[in-house]
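Please read the structure below before turning to the comments.
The values are calculated or read from the model by the stated rules, or taken from the named source; none is laboratory data. Everything quoted here is computed from the prediction, not taken from an experiment. Here the Cβ is made from the backbone with ideal geometry for all residues, glycine too, and neighbour counts use every protein chain on show. Only protein heavy atoms, including side chains, enter the accessible area calculation; ligands, DNA and RNA are left aside. Shrake-Rupley method; radii C 1.70, N 1.55, O 1.52, S 1.80 Å.
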Amino acid sequence: MRWRVWFDRLLVLLILLAAWQGGSLWLGNYWLSAPWSVATRFFAALFNGEMVFHAGYTISEALAGSVIGGVPAVLLPFLLRRQPIVVAILDPFMVGGYGAPKLAFAPLFILWFGIGIESKIALVAAVVFFIVYFSTLSGVRALEPKLVQMAQVIGASERQVGRHIVFPGAVPAIFAGFRIAVPYAIGGAVIAELISSNRGLGYLVQTGAMNFDTTQVFVAILAATIIVHAFIAVIDLGERFLLRWRPRGAVLIADHGT
Amino acid sequence: MSSAEITSELSESHAIPRQWIVTAGRIALAVALLAAWEWGARAFGPLFFAPPLATAQRIVEMAGNGKLLTDTIATLRVSVLGFVIGCACGVSLPFLLRLSPRAAEAIEPFIMASMGIPKYALTPWLILWFGIGDAPKAIVVTLFVFYIVFITVFAGVRGVDQRLINMARIVGASERTIARKVIWISLLPFFFTGLKVALPRAVSAAIVGEFLVAVEGIGFSIERARQLSDTTGVFAGIVVAVTLVLIINAVVNALERRAMRWRPTDRDMQI
Amino acid sequence: MAGTPMLEIKNLGKRFPARAGREPPPWIIQDMSFEVAAGELLTIVGPSGAGKSTLLNIIAQIETASAGEIVFDGEHIASPEQKALHPGLNRRIGYVTQDDNLLPWRTTIDNVLFPLEVQGTLDDAARARAQELIGAVGLAGFERYYPHELSGGMRKRAALIRTLVYDPPMILMDEPFAAVDAQTRTQLQEDLLRLWSLKRKTIIFVTHDITEAIALGDRALVLTQRPARIAAEHPIPIPRPRQVKDIFTMPGFAAIYAGIRADVQ
Ligand SMILES: Nc1ncnc2c1ncn2[C@@H]1O[C@H](COP(=O)(O)OP(=O)(O)OP(=O)(O)O)[C@@H](O)[C@H]1O
Ligand SMILES: [Mg+2]
């Protein structure tokens, strides 16, 4: 029966491509760039290095921001594991930070750090931090108290409990956090580039639109989409490797930031 | 004595002092943050940091001359328009897909793949199409809301307890009744999870959309203040934006608690 | 018990679809045939995992048959060639499932009224009937409780009257009294017998409990373990009306009990 599913999907793909191509023929490449033009331009940009240049810039922003925002976000819940009062004091501020529209800070970051890479990294870091913090915190909290007691009974130190019980238990939640954060990271980098930049995929979109070059707009969006999925795939691979012991289950991800 | 020991001692013997410590700590932290803001303004100068007081004054001024209201209305107009359309599509598509599992399986990967598209990046192209009115922003908001609601409702529709559906069939419920009285209600928690994420996101998306194209609105005011190097304006706008989104968050949470009274405990769904 | 049977099971077989990469699935039910007369109360006993619930699911039309056929009231309702399932057969077969399947967002009374509501037959008379049933099974005072606020046995009782309230001519019951304490169980069994003597419904009653099977049934079927077949059929000639709590003292009880006991092994 599997082949029928794949056949159906292929059919849907062909219909979508045909509709896109047809729409483009009907409206003109200016309004709706044809799939064929997008594909050829995409590969041309890939081979002449233009794509690598701009996409690489966006990826660097997303990666650097994810590290700068993500590492403290992972460490904090562990450090505060035995400090419930501190966690309680921080809580309303963290909830506020999580709920606040970080992208609204983009103009402020541009004001502070200029239109270079720093402002984008700052934005991505702010976005990633709160998502990963709450995800990690829920992982640390969901910990089975019985496991900790068992470890204490057999004589594990506080550090060993953290290292061998709490951390492995929280790994799925950490991965879930980063998985949610990835589209935000890329999306945040792109939106900051859209507002003000001189390179990156967002810049490609912006100049493409300014020159009425729809093909360039689509190529840049396509590249960003591919990057998002590639990042998620890498995270999934890493998770599968680190969590070989765990029965596989689907994670519901309602939140995505692109 | 380490603070860990203090903690356990306090939480065991006196329940009320612990709450006091937390409240005092929160107040202290809030004051510290304000102080840091003030210090930042003095250390880096008003071009980088608008002092808290100046920011507050600006907001009062905006409230006085009506700009706060017109900006908020402009932003909410776009958010609500996109939110309503996105919600309607996001809720109905899973129910449509339920009619044909085969179509659902064929279409699903494309919906998931398109989720990765950075939606803000579509704005410049949408401006080509629809001009600089509300439409491009509303479409971007619609897309954001649609995907969030679709994903949660789709998961909810799939997760409905098949045994409850069978029971309803046996006692003679029609498929329409089942959709309304069994599936819809049991996915309400999912739907609210989606709304909780989507409604504040709709407002944020509208604000960010206004960075890119607008003639009024909160995002427009922030971005124009930046271009004019009016740092106080940027700060005031951001404070307004954050406050607005947080208020909406709180309202949605309160609504959810009311609608979910039948649930055993206040389990929060992991998203 | 003359006349045409209400329900005929003919050479019924069931296997679940194969899962990818597994050997062909085993038969859960194989070559099973029996009849149920109109107005009969048939009890079925069998070990856990035998396929009792699966059998009822097939009769209730929420599961397909893999072989054989089922005739209900002279009408072919199930066969391997059948295209569509008709759960509950247009409200002619009621089913008290093994899990209570109460809607968690509805209170007791709203769960009981659910069948009437979806059938559009909700009126004051129906409400009064529901209220009466709620009182009869000892749920009075709990009408406005949500399922999670009821005990397991109370939920079972609510599920039971949810089926009784719309009065289907045939009712399938899957261990309806399993989660109830001994005293309440005796009470519920007596209530069931009283209701049944008034309305003379056709009932298939699945249970683990041999005493219960004897106390309630006109006839008891014993199923074998995997694949389920009918190991034995025991008529229960104990006269009615029966006193459930004194059923041990009835003449013939010991012999029937021993007979079923031997066949269950
Ligand atoms: N959907 C299914 N897919 C595969 N196998 C199933 C499925 N449902 C039930 N089975 C198998 O069918 C067998 C019979 O299950 P069933 O629930 O009918 O048992 P039962 O006699 O009602 O047991 P119990 O007394 O414990 O309720 C079991 O071995 C079970 O594993
Ligand atoms: Mg069973």
Tally, over the range C:100-129, of residues that are within 11 Å of chain B (Cβ to nearest Cβ), outside any loop (DSSP other than H, G, I, E, B) and closer than 19 Å to B:ALA259 by Cα: 2
Residues (closer than 13 Å to C:LEU41 by Cα and among the small types (Gly, Ala, Ser)) located in the range C:198-254: C:ALA213, C:ALA215, C:GLY217, C:ALA220
Verdict on C:LEU55 being modelled with pLDDT of 90 or more and within 16 Å of ligand 2 (Cβ to nearest atom): yes
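So, B:SER79, is that one of a type in the set (S, T, N, Q), touching a helix residue (DSSP H, G or I) at 6+ places or on another chain (Cβ under 6 Å) and either in a helix (DSSP H, G or I) or at pLDDT below 95 (or both) or not? Talk me through it step by step, then tell me what you get.
Numbers: of a type in the set (S, T, N, Q): yes; touching a helix residue (DSSP H, G or I) at 6+ places or on another chain (Cβ under 6 Å): yes; either in a helix (DSSP H, G or I) or at pLDDT below 95 (or both): yes.
In short, yes.
Restrict the check to the range A:153-171 and report whether at least one residue is in a helix (DSSP H, G or I), modelled with pLDDT under 90 and within 30 Å of B:VAL153 (Cβ to Cβ). It would help to see each step written out before you state the result.
Taking the range A:153-171 first, the residues in a helix (DSSP H, G or I) are A:153, A:158-171.
Imposing the further condition that a residue be modelled with pLDDT under 90 reduces the set to A:153, A:158-171.
Still in the list and also within 30 Å of B:VAL153 (Cβ to Cβ): A:170-171.
There is at least one residue in the range A:153-171 that is in a helix (DSSP H, G or I), modelled with pLDDT under 90 and within 30 Å of B:VAL153 (Cβ to Cβ).
Yes/no matrix, rows are residues, columns are (1) within 14 Å of chain B (Cβ to nearest Cβ); (2) away from ligand 2 (no atom under 16 Å from the Cβ); (3) free of Cβ contacts under 8 Å to residues at least 60 places away in the same chain; (4) assigned to a helix (DSSP H, G or I):
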{"site": "C:ASN11", "(1), (2), (3), (4)": "no, yes, yes, no"}
{"site": "C:PRO17", "(1), (2), (3), (4)": "no, yes, yes, no"}
{"site": "C:TRP27", "(1), (2), (3), (4)": "no, yes, no, no"}
{"site": "C:GLY39", "(1), (2), (3), (4)": "no, yes, no, no"}
{"site": "C:ALA50", "(1), (2), (3), (4)": "no, no, no, no"}
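Taking C:ALA38 as the residue in question, decide whether it is open to solvent by less than 20 Å² (accessible area, probe 1.4 Å), in contact with a Ser or Thr (Cβ under 9 Å, 6 or more places away or on another chain) and farther than 24 Å from C:VAL264 by Cβ. Write out each step before concluding.
Values: open to solvent by less than 20 Å² (accessible area, probe 1.4 Å): no; in contact with a Ser or Thr (Cβ under 9 Å, 6 or more places away or on another chain): yes; farther than 24 Å from C:VAL264 by Cβ: yes.
The answer is no for C:ALA38.
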Qualifying residue in the range A:107-117 (condition: β-branched (Val, Ile, Thr), away from chain B (no Cβ under 11 Å), closer than 20 Å to B:TYR120 by Cβ and open to solvent by less than 30 Å² (accessible area, probe 1.4 Å)): no
Any hit, the range B:55-72, residues being closer than 28 Å to A:ILE180 by Cβ and assigned to a helix (DSSP H, G or I): no
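From B:ARG201, B:ARG180, which residue is of a type outside the set (A, V, I, L, M, F, W, C), within 11 Å of chain C (Cβ to nearest Cβ) and open to solvent by 10 Å² or more (accessible area, probe 1.4 Å)? If you could, list the steps in order and put the result at the bottom.
Working: B:ARG201 fails: within 11 Å of chain C (Cβ to nearest Cβ).
The match here is B:ARG180.
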One residue from A:VAL140, A:VAL124, A:VAL182 being in contact with a Gly (Cβ under 7 Å, 6 or more places away or on another chain) and touching a residue at least 24 places away in the same chain (Cβ under 8 Å): A:VAL124
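Of everything in the range C:106-116, what is touching an Asp or Glu at 6+ places or on another chain (Cβ under 7 Å) and surrounded by fewer than 20 Cβ atoms within 10 Å (Cβ to Cβ)? Give them in sequence order.
As a first pass, look at the range C:106-116 and keep what is touching an Asp or Glu at 6+ places or on another chain (Cβ under 7 Å): C:107-109.
Across the range C:106-116, the qualifying residue is only C:ILE109.
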Those residues of the range A:185-198 which are open to solvent by 10 Å² or more (accessible area, probe 1.4 Å) and either at the interface with chain B (Cβ under 7 Å from one of its Cβ atoms) or modelled with pLDDT of 90 or more (or both), in sequence order: A:ILE195
Some residue of the range C:177-187 being within 30 Å of C:ASP123 (Cα to Cα), more than 14 Å from every other protein chain (Cβ to nearest Cβ) and within 16 Å of ligand 2 (Cβ to nearest atom): yes
Selection from the range C:183-232 of residues that are more than 16 Å from ligand 1 (Cβ to nearest atom), open to solvent by 10 Å² or more (accessible area, probe 1.4 Å) and among the hydroxyl-bearing types (Ser, Thr, Tyr): C:THR184, C:THR186, C:SER197, C:THR211
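Quick one: how many residues across the range C:117-127 are surrounded by fewer than 16 Cβ atoms within 10 Å (Cβ to Cβ) and more than 21 Å from C:MET154 (Cβ to Cβ)? Walk me through how you get there before you give the answer.
As a first pass, look at the range C:117-127 and keep what is surrounded by fewer than 16 Cβ atoms within 10 Å (Cβ to Cβ): C:120-125, C:127.
With more than 21 Å from C:MET154 (Cβ to Cβ) added as a condition, the list becomes C:120-125.
Result for the range C:117-127: 6.
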Pair list, Cβ under 6 Å, 6 or more apart: the range A:70-88 residue within 14 Å of chain B (Cβ to nearest Cβ), other residue at pLDDT below 90 and outside any helix (DSSP H, G or I): A:VAL86/A:LEU80; A:VAL87/A:LEU80
Total residues in the range C:58-73, condition among the polar types (S, T, N, Q) and within 16 Å of ligand 2 (Cβ to nearest atom): 0
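The rows are residues; the columns are (1) among the basic types (Lys, Arg); (2) open to solvent by 40 Å² or more (accessible area, probe 1.4 Å); (3) closer than 30 Å to A:GLN160 by Cβ.
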residue: A:ALA39; (1), (2), (3): no, no, no
residue: A:PHE47; (1), (2), (3): no, yes, no
residue: A:MET51; (1), (2), (3): no, no, no
residue: A:HIS54; (1), (2), (3): no, no, no
residue: A:THR58; (1), (2), (3): no, no, no
residue: A:VAL71; (1), (2), (3): no, yes, yes
residue: A:LEU80; (1), (2), (3): no, no, yes
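Only one residue in B:ARG42, B:ARG58 is open to solvent by 70 Å² or more (accessible area, probe 1.4 Å), among the charged types (D, E, K, R) and away from chain A (no Cβ under 14 Å), so which one is that?
Working: B:ARG58 fails: open to solvent by 70 Å² or more (accessible area, probe 1.4 Å).
Answer to the selection: B:ARG42.
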Residues satisfying the stated conditions in the range B:158-177, i.e. open to solvent by 20 Å² or more (accessible area, probe 1.4 Å), part of a helix (DSSP H, G or I) and more than 7 Å from chain C (Cβ to nearest Cβ): B:ARG158, B:GLY159, B:GLN162, B:GLU175, B:ARG176
Residue in the range C:144-182 that is modelled with the lowest pLDDT, counting only those that are surrounded by fewer than 17 Cβ atoms within 10 Å (Cβ to Cβ) and charged (D, E, K, R): C:ASP181
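Any chance you could count how many residues in the range C:146-170 are of a type in the set (Val, Ile, Thr) and within 16 Å of ligand 2 (Cβ to nearest atom)?
The total comes to 0.
Restricting to the range B:133-152, count the residues that are more than 10 Å from chain A (Cβ to nearest Cβ) and crowded, with 23+ Cβ neighbours inside 10 Å. Spell out how you get there, then give the answer.
As a first pass, look at the range B:133-152 and keep what is more than 10 Å from chain A (Cβ to nearest Cβ): B:133-142, B:145-146.
When the remaining residues are screened for being crowded, with 23+ Cβ neighbours inside 10 Å, the result is B:136-138, B:140-142, B:145-146.
Count: 8.
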Residues of the range C:52-77 satisfying the condition of being within 13 Å of another protein chain (Cβ to nearest Cβ), more than 11 Å from ligand 1 (Cβ to nearest atom) and not in a loop (DSSP other than H, G, I, E, B): C:ILE59
